Amino acid sequence: MRGERLDKLLARLGLGSRKEVARLVRAGRVRVAGEAVRDPGFHVPEGVSVEVDGKPLALRRHHHILLHKPAGYVTSRAEGPSVYALLEGFPTRDLSPVGRLDKDTEGLLLFTTDGELLHRLTHPRRKVAKRYRVHLERPATEEDQRAFAEGLFLDGERLLPAELSFGEDPTRVELVLWEGRFHQVKRMFQARGNRVLYLKRLALGPLALGDLPLGKARPLAPEEEAALYQAVGLAGQEA
């Protein structure tokens, strides 16, 4: 079975554009299975080592990057300032966000190169939980809790049940959703006559922000990848 083209593989791993990595290969700086390869179109067999300037590359089918998004950044390449500016050092060419966060929203934003994983994480049928911290203009009520649990109507459709919780200060709440519609959190509270002043996503499925600093990104740990794939019925297909 033919493997991936060398120039495509190197570009996917973030070593430059296809033209840039082609020059790298032709300069004799790349070795495959210990042998120098000068053909950018060489097909790399699966499971063999690849080195650039004597340094082995970590060959992976997919990349998954967790970002602690600050306010003021858009989840888009076309507009700015873009969240992609915060992913310096990662192979961003093929990374896509798993859902979006509004420009003024902070929190967990996951990027992946795995299209099937992305589709399953964002499809309502999979019911992947998304947990948010919300600051409100007015106190939330038990009536709000019941309305969210029953499923609000937006755009003529009933939403999936949502879990609203709060403690001594009912203007500081947490909300768990199992779907992700356009401006959903803000519109849900607006439908209840309230207004969101601050919004932060704390968790997505089995992933949590933890102590990742605001504005920083990191790759998922192997155990996080395994849990994420298991959560959407793709166990064993990570890496």
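The values are calculated or read from the model by the stated rules, or taken from the named source; none is laboratory data. All of these numbers come straight from a predicted model, not from anything done at the bench. Using ideal geometry, Cβ is built from the backbone for each residue, glycine included, and neighbour counts are taken over all protein chains shown.
Conditions tested, residue by residue: (1) under 26 Å from Lys69 (Cα atoms); (2) aliphatic (A, V, I, L, M); (3) in contact with a helix residue (DSSP H, G or I) (Cβ under 9 Å, 6 or more places away or on another chain).
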{"residue": "Glu137", "(1), (2), (3)": "yes, no, yes"}
{"residue": "Glu143", "(1), (2), (3)": "no, no, no"}
{"residue": "Gly151", "(1), (2), (3)": "no, no, no"}
{"residue": "Asp169", "(1), (2), (3)": "yes, no, no"}
query = Taking Gly233, is it part of a loop (DSSP other than H, G, I, E, B), buried (at least 16 other Cβ atoms within 10 Å of the Cβ), in contact (Cβ under 8 Å) with a residue 40 or more places away in the chain and among the small types (Gly, Ala, Ser)?
reply = no
query = Restricting attention to the stretch 59-77, does a residue exist that is loosely packed, with under 13 Cβ neighbours inside 10 Å, over 15 Å from the mean Cα position of the chain (by Cα) and part of a loop (DSSP other than H, G, I, E, B)?
reply = yes
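Yes/no per residue for (1) within 28 Å of Phe111 (Cα to Cα); (2) of a type in the set (Asp, Glu); (3) touching a residue at least 60 places away in the same chain (Cβ under 8 Å):
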site	(1), (2), (3)
Ala11	yes, no, yes
Arg38	no, no, no
Gly54	no, no, no
Leu59	yes, no, no
ask   = Within the stretch 78-104, can you find the residues that are part of a loop (DSSP other than H, G, I, E, B) and surrounded by 12 or more Cβ atoms within 10 Å (Cβ to Cβ)?
value = Pro81, Leu87, Phe90, Pro91, Leu95, Val98, Gly99, Arg100, Leu101, Asp102, Lys103, Asp104
request  = Go through the residues of the stretch 126-144 one by one and say whether even a single one is without any contact (Cβ under 8 Å) to a residue 12 or more places away in the chain and under 30 Å from Gly233 (Cα atoms).
outcome  = no
inquiry  = Take the residues in the stretch 121-156 that are in a strand (DSSP E or B) and of a type in the set (Phe, Trp, Tyr); name whichever of them is modelled with the highest pLDDT.
reply    = Tyr132
task = Answer yes if at least one residue in the stretch 196-217 is in the same structural domain as Tyr84 (by TED's automatic domain parsing), out of contact with any helix residue (DSSP H, G or I) (no Cβ under 9 Å at 6 or more places or on another chain) and without any contact (Cβ under 8 Å) to a residue 40 or more places away in the chain, and no otherwise.
result = no
query = So is Pro124 surrounded by fewer than 19 Cβ atoms within 10 Å (Cβ to Cβ) and in contact with a Pro (Cβ under 7 Å, 6 or more places away or on another chain) or not?
reply = no
inquiry  = Which residue is nearest to Gly99 (Cα to Cα), if the candidates are limited to the stretch 166-194 and must be part of a helix (DSSP H, G or I) and among the aliphatic types (A, V, I, L, M)?
reply    = Val185
note = Filtering the stretch 72-127 down to residues that are over 25 Å from Tyr229 (Cα atoms), out of contact with any strand residue (DSSP E or B) (no Cβ under 9 Å at 6 or more places or on another chain) and acidic (Asp, Glu) yields Glu79
